[in-house]
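To keep things clear, I will list the structure first and then write my remarks on it.
The values are calculated or read from the model by the stated rules, or taken from the named source; none is laboratory data. Because the structure is predicted, anything quoted here is derived from the model rather than measured. All Cβ positions, even for glycine, are placed from backbone atoms using ideal geometry, and neighbour counts span all protein chains on display.
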Amino acid sequence: MNRIYSLFCIFLIAIAANAQETNKLIVDATKGNVVISKNIYGHFAEHLGRCIYDGIWVGKDSKIPNINGYRTDIVNALKEMQIPVLRWPGGCFADTYHWKDGIGPVNQRAKMMNYHWGGVVENNTFGTHEFLNLCEMLGCEPYISANVGSGTVVEMTQWIEYMNSDKDVPMANLRRQNGREKPWNVKYLGVGNESWGCGGTMTPDFYVNLLRNYSEMAGIYGQWKLQQIGCGANGADYNWTDVVMKQRPGAMSGLSLHYYTIAGPGWGNKTAATGFEKKYYFSGLEKALKINELVEKHSAIMDKYDPKKHVGLMVDEWGIWTDVEPGTEEGFLFQQNSIRDALIASVTLDVFNNHADRVKMANIAQTINVLQAVILTEGSKMILTPTYYVFKMYKVHQDAKLLPSHLITEDYEMDGRKIPALSSSVSEDQNGNIHVSITNLNPDKEITLSVELVGKSFGKVNAASVLTAPEYNSFNSFDNPEVVKPIDFRSFKKINASSLHLTVPSKALVVLEIM
Ligand code: AHR
């Protein structure tokens, strides 16, 4: 069956379904032509609060079990989640970071102020070697954020040579002197972070000129192998995207976007991460869903200048930003994480999957102990947050083929405002298995829907899991770490060769593997 015909079938079924019933997912199982980049499932680790120190790195002499200084429990959990790419060293920190302070014998490394985050003194124990070796251990790609705000082109090009050159040149030799013979071959380089804000409060015109300069030099020193990511917009700043895309350097293969969900009233008011009222459950999800509009509008501008989609939209900071946990340092951004936040993650990942033709990378902020973390630590204890489980359940979509789908859904309504109750995305892996993820945002009502396949028959459901929780704001604590965790899902029924009914519990996400 050709693609036009199958899309036409989807269209007809959708019209019929609209007339008859509310909740239905129609999937074109013939030919998708877009691969969901595994990098959409990326993470971000900044020198901020307890993300690096305590979170990832405890040092070789720590009593906490570690592999050469990296916490063993964290390394294992990140591997299990299949982390594909990790962005470092910031964030705002990146534009104050001078990489040479973080190499060489640890006791001789220069200290620096962490001006943005808590005003602490950074002793640079964790530097380039520690980060890149971690990525090797995890089997993920490093994504280096270069300092444009307070650095220089020379500093950046020397860093590139230090990390990637295998020649007899001064920076590669310095690396060898510091104990690393082979280059790491870093693939992703960010040219500035939030250059419109903490990275220099630049105008887009000023930034794009700097970008062209840095980019050309990064291209030359990186032998045109680096994928360069230009600093993109803050949320709905479409003018930034327009200016940068129009004058972008040829070597830029990605443009970033930052969007944080802030659940309180208006657009800047944070709320508590736990114990919040139901209206903040709703507004958190409502604001998270705004990412769909942002991705579509920024993509439309990118299409104007780059119709063949050579430049990826890299959402390299996203997630919910709440108040810090009571009693913790304001500048450390340590927050808890509830089932609402897991649903924010699943609907956001659905948006990225469904726009995989343009979205080529995304990095949730931040991996451990900061903002919407996947893992929290307290001394030797570690807990997996509800968001961790979303990444683990969704890993089936990494590098799978996106299957076109159409979702018909009822709304979830609160105080006269509405959001779609269901969210979904569907992919097919290299073995021909179809993975369907469906989220029900309604916290009070289970929803039954049908999944219709066009162009293929269902064999059987191979595996299915569900993540839900007792309350709309339930979370995992150090005393009670398993309140929210996935279990097997059984509430589905095959109706015929191309149709399946399933009942998704309230405030839940389900991932099915269908043969
Ligand atoms: O993730 C925390 C901060 O949020 C980052 O440092 C910055 O890029 C953004 O404003």
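Every residue, every condition in (1) over 30 Å from Gln430 (Cβ atoms); (2) modelled with pLDDT under 95; (3) over 21 Å from the mean Cα position of the chain (by Cα); (4) crowded, with 21+ Cβ neighbours inside 10 Å, yes or no:
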| site | (1), (2), (3), (4) |
| --- | --- |
| Lys31 | no, yes, yes, no |
| Tyr41 | no, no, no, yes |
| Phe44 | no, no, no, yes |
| Gly55 | yes, no, no, yes |
| Gly59 | yes, no, yes, no |
| Gly69 | yes, no, yes, no |
| Ile74 | no, no, no, yes |
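Across segment 244-293, the qualifying residues are those that are under 30 Å from Asn213 (Cβ atoms) and of a type in the set (D, E, K, R), and the one among them that is nearest to the ligand (Cβ to nearest atom) is Arg248. Elements of the type strands (runs of 3 or more DSSP E) sitting completely within segment 381-435 and holding at least 2 residues that are without any contact (Cβ under 8 Å) to a residue 40 or more places away in the chain: these cover 411-414.
Considered as a group, the residues in segment 84-120 that are within 25 Å of Met137 (Cβ to Cβ) and of a type in the set (Val, Ile, Thr) include one that is farthest from the ligand (Cβ to nearest atom), and that residue is Val106. The one condition from (1) buried (at least 24 other Cβ atoms within 10 Å of the Cβ); (2) of a type outside the set (Gly, Ala, Ser); (3) within 16 Å of the ligand (Cβ to nearest atom) that Thr328 does not meet is (1).
Only residues in segment 188-204 that are under 14 Å from Ile144 (Cα atoms) count as the first member; pair them with residues that are acidic (Asp, Glu) and more than 14 Å from the ligand (Cβ to nearest atom), Cβ under 7 angstrom, at least 6 apart or cross-chain, and list the lot. Between residues of segment 188-204 that are under 14 Å from Ile144 (Cα atoms) and residues that are acidic (Asp, Glu) and more than 14 Å from the ligand (Cβ to nearest atom), the close pairs are Tyr188/Glu141. Do we find that Val75 is among the β-branched types (Val, Ile, Thr), out of contact with any strand residue (DSSP E or B) (no Cβ under 8 Å at 6 or more places or on another chain) and more than 16 Å from the ligand (Cβ to nearest atom) in this structure? The answer is no for Val75. Note on segment 489-515: residues that are outside any strand (DSSP E or B) and surrounded by 14 or more Cβ atoms within 10 Å (Cβ to Cβ) amount to 6. For segment 198-217, the criterion of being modelled with pLDDT of 95 or more, within 16 Å of the ligand (Cβ to nearest atom) and surrounded by fewer than 18 Cβ atoms within 10 Å (Cβ to Cβ) is met by at least one residue. In segment 365-382, which residue that is more than 13 Å from the ligand (Cβ to nearest atom) and closer than 15 Å to Leu78 by Cα is surrounded by the fewest Cβ atoms within 10 Å (Cβ to Cβ)? Among those residues, the one meeting the criterion is Met382. Within segment 359-370, residues that are in contact (Cβ under 8 Å) with a residue 60 or more places away in the chain and over 13 Å from Thr385 (Cα atoms) sit with their Cβ atoms under 6 Å from residues that are more than 13 Å from the ligand (Cβ to nearest atom) and β-branched (Val, Ile, Thr), at 6+ positions apart or across chains, in these pairs: Ala362/Ile40.
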